[in-house]
Amino acid sequence: MLLLALKVVARAPELYQEPRGAAPPPFWIRGLLVLTCTGVSFAHGSNDGQKGMGLIMLILIGVVPTAYALNRAMPDTATAPFVRTSTYVAQALDRQAAGQTATDPRRVIGEYLRTRQANPAVVPALSQLAKDIRTQVAQYGSLRRLPQETVQNVRNDMYLAAETIRRFGKDSSFTFSQADTDLLKLYRTELDGATRFIPTWVKISVAVALGLGTMVGWKRIVVTVGEKIGKSHLTYAQGASAELVAATTIAAADIYGLPVSTTQVLSSGVAGTMAAGRSGLQSATVRNLLMAWVLTLPAAILLSGSLFWIFTHLF
């Protein structure tokens with residue numbers, strides 16, 4: 001649709017012709033392509049960068065949990081507001097609990113998150129958890145000063161509390177006033193800031209790795225996308241249209257947390273421009289792409305499940 005609209009608006013014939021020889025395209029076309037390429041690059045890095053950062057953080061938390069289970073880079077000045085918010089949340093939950101108590105708050109909340117079945121003990125359990133978190137943080141003055149032996153327990157408590165508050169938003173069994181709802185949201189944001197964080201060096205490392213990987217392996221991708229999807233070579237207008245759609249789609253998926261593949265989105269966009277340009281599609285390439293997309297998920301599930309079964313029996 002974008003390519004067809006472009007044909008109506010921009011009538012420059014060089015936009016719709018295959019590149020010929022080594023001569024570069026006109027300057028304004030190069031500027032257009034640099035702009036759309038930059039959009040794809042930024043969206044691609046933002047989307048795929050999450051996977052790399054997530055994997056690295058899983059490894060860091062698993063190998064050195066005392067250093068990366070909590071965000072020890074949080075400034076000490078954030079401790080007092082956090083303790084104050086924890087106190088207000090505990091008071092609000094106590095009012096909601098109306099005198100009820102929970103003897104084992106972690107078990108109660110764990111059961112609620114696992115079964116998603118509401119029970120009267122959840123609210124007092126969350127209140128007790130908020131008090132425990134407040135006490136532990138206030139005792140040492142900041143997350144940075146928490147003893148190593150208590151870090152994992154504090155992180156688990158924060159995670160349980162944050163997930164319970166998130167679940168409250170989807171559970172009609174619990175009703176809070178607007179003021180208490182806003183307070184719980186603020187508390188969850190502060191809890192996430194302490195447990196769901198990525199150090200700057202991890203972000204830079206993933207960005208550099210993605211950039212270097214693209215610089216090394218770009219040629220096969222360019223040849224496949226530019227020459228092997230359609231029966232004719234990609235034109236400048238087709239490339240710009242596909243890239244603009246890909247950048248927008250991937251960025252939207254990034255914002256809303258949707259799992260998409262950059263390659264799938266861009267390849268599909270190119271296929272759409274080939275169909276709109278009536279140049280036709282190479283059935284073999286399209287068939288291989290479709291088979292790869294369909295088979296990747298079940299194959300990955302089967303392989304990972306088999307490896308897990310083997311490891312659990314061997315070790």
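The values are calculated or read from the model by the stated rules, or taken from the named source; none is laboratory data. All values derive from a computational prediction rather than experimental measurement. Glycine gets a Cβ as well: all are built from the backbone with ideal geometry, and neighbour counts include every protein chain shown.
Consider Gly213 carefully, then state whether it is over 17 Å from Leu33 (Cβ atoms) and among the small types (Gly, Ala, Ser).
yes
Among the residues of segment 179-204, just one is aromatic (Phe, Trp, Tyr) and either loosely packed, with under 15 Cβ neighbours inside 10 Å or in contact with a Gly (Cβ under 6 Å, 6 or more places away or on another chain) (or both), namely Trp201. Criterion applied to Ala73, Ala5 was being touching a residue at least 40 places away in the same chain (Cβ under 8 Å) and of a type in the set (A, V, I, L, M, F, W, C), and the one residue passing it is Ala73. Annotation note: of Ala125, Ala130, Ala207, the sole residue that is assigned by TED's automatic domain parsing to the domain that holds Val40, in contact (Cβ under 8 Å) with a residue 12 or more places away in the chain and either in a helix (DSSP H, G or I) or touching a Gly at 6+ places or on another chain (Cβ under 9 Å) (or both) is Ala207.
Arg144 falls short of the stated requirement of being among the basic types (Lys, Arg), surrounded by 15 or more Cβ atoms within 10 Å (Cβ to Cβ), in the same structural domain as Ala98 (by TED's automatic domain parsing) and more than 26 Å from Gly49 (Cα to Cα). Closer than 24 Å to Lys51 by Cα and touching a Ser or Thr at 6+ places or on another chain (Cβ under 6 Å) - does that describe any residue in segment 254-261? Checked segment 254-261: at least one residue is closer than 24 Å to Lys51 by Cα and touching a Ser or Thr at 6+ places or on another chain (Cβ under 6 Å). Look at (1) crowded, with 18+ Cβ neighbours inside 10 Å; (2) over 22 Å from the mean Cα position of the chain (by Cα); (3) at pLDDT 85 or above and you find that Gly277 fails only one, number (3).
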